[in-house]
Amino acid sequence: MVFLFSASMRERIWLSKSAGSIPSSLRMTVAVSVCDASDPSRYYSIRGRVVKSTTEGGVEHIETLAQRYTGRPYAWYGGRDQVRVILTISADKIHVMAR
């Protein structure tokens, strides 16, 4: 499962996911790891809990993330009729592995 995310300095992250690919049994706790593509030994691991889930602004959020990370509009692999969900995660623990 691949999530696109953005982060804030307040130890919260926002995950963008299509509504159809989120299991109905989604747990309220999550773990996310993000590594540096040029050096996989550098990474962040974040454990936390879902504090909010919304579809409001989901399309704008995924478009902003696509521009930030790819420099292009979002490709809409599953079709433009997808409902995008933004999950707000409050970080309980952040582990940083850097050199």
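What to note about this one:
- Residue match in region 82-92 (condition: over 20 Å from VAL30 (Cβ atoms), free of Cβ contacts under 8 Å to residues at least 24 places away in the same chain and outside any strand (DSSP E or B)): no
- Strands (runs of 3 or more DSSP E) enclosed by region 1-74 - at least 3 residues per element that are at pLDDT 85 or above, surrounded by 15 or more Cβ atoms within 10 Å (Cβ to Cβ) and in contact with a Lys or Arg (Cβ under 8 Å, 6 or more places away or on another chain): 39-54
- Whenever a residue of region 54-70 is within 20 Å of ALA37 (Cα to Cα) and hydrophobic (A, V, I, L, M, F, W, C), its partners that are modelled with pLDDT of 85 or more and surrounded by 12 or more Cβ atoms within 10 Å (Cβ to Cβ), lying with C-beta atoms within less than 7 angstrom and at least six residues away or across chains, give the pairs ALA66/TYR74.
The values are calculated or read from the model by the stated rules, or taken from the named source; none is laboratory data. No experiment lies behind these values; they were computed from the predicted model shown. Quick reminder, even Gly has a Cβ in these numbers, built from the backbone with ideal geometry, and neighbours come from all protein chains shown.
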